[in-house]
Amino acid sequence: MKHSPNAAGNHGSRPQAQETFLTHLTPLVLLTAIFFINFIARIALAPLLPQVKHDLALSHAQAGSLFFLISLGYFATLLASGFISSRLTHRDTIKYSSIALGIVLLLTSFSTGLWGMRFGLLALGMACGPYMPSGLASLTTLFNYRHWGKALSIHEMAPNLSFFLAPLIAEIFRNYNPKKGYF
């Protein structure tokens with residue numbers, strides 16, 4: 001069976017008859033920036049891990065468990081994101097996920113011990129989880145289905161940019177803040 005657009009000529013809930021791709025470029029850039037911050041928050045520890053391991057006298061297993069905690073929190077809320085966004089709108093889910101991420105990053109920066117850092121990293125993963133499904137749903141609702149490929153490809157540049165910039169940003173902050181403040 002061939003997949004065809006609905007009567008309005010699109011798959012979104014908004015009428016988009018004569019809209020071009022550029023019509024919604026601003027929200028696309030905003031969603032991409034949110035995804036960039038969301039993603040870089042999860043991988044920023046990677047280039048800092050040797051220094052964190054040394055400063056906190058962690059074993060390899062203990063250092064690796066820090067990434068496990070981020071992934072565990074992310075998995076839990078990603079799994080629950082359908083329930084979360086069914087109670088809220090996708091826009092509110094994105095908004096609350098972003099606010100929670102900012103609060104968690106701020107509070108984690110004040111942690112003084114390993115357990116505070118572990119709890120903060122678990123919470124970091126949990127704050128990031130609800131964004132992805134709601135971000136993609138928002139993009140596909142915002143754009144006409146003919147523009148989904150362009151919109152999603154721009155949105156998915158955020159992880160690649162994060163992988164490239166995370167080590168550079170970490171090195172800059174490490175050089176300007178030689179104290180044990182990682183976040």
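Here are some notes:
- Unit charges on C-beta of K, R, D, E only; dipole of the stretch 91-183, Debye: 80 debye
- Over all distinct Cα-Cα pairs of the stretch 95-142, the Kirkwood formula returns a hydrodynamic radius of 11.5 Å.
- About the centre of its Cα atoms, the chain shows a dipole size close to 100 debye [charges on the beta carbon of Lys, Arg (+1) and Asp, Glu (-1) only; nearest 20 debye].
- Once divided by 2.2 N^0.38 Å, the Cα radius of gyration of the chain becomes 1.19.
- Shape call, the stretch 84-183: gyration tensor on alpha carbons, a/c limit 1.5: oblate
- Only helices enter this figure: runs of n ≥ 4 DSSP H residues, each worth -39500 (n - 2.57), summed and divided by the residues of the chain, yield -24500 deg cm²/dmol at 222 nm to the nearest 500.
- Taking packing as the residue-averaged number of other Cβ atoms within 10 angstrom, the listed peptides 116-127, 55-66 run from highest to lowest as 116-127, 55-66.
Quick note: the coordinates plus some simple rules give every number you see, no bench work behind them. Computed from a predicted structure; not experimentally measured. Glycine gets a Cβ as well: all are built from the backbone with ideal geometry, and neighbour counts include every protein chain shown.
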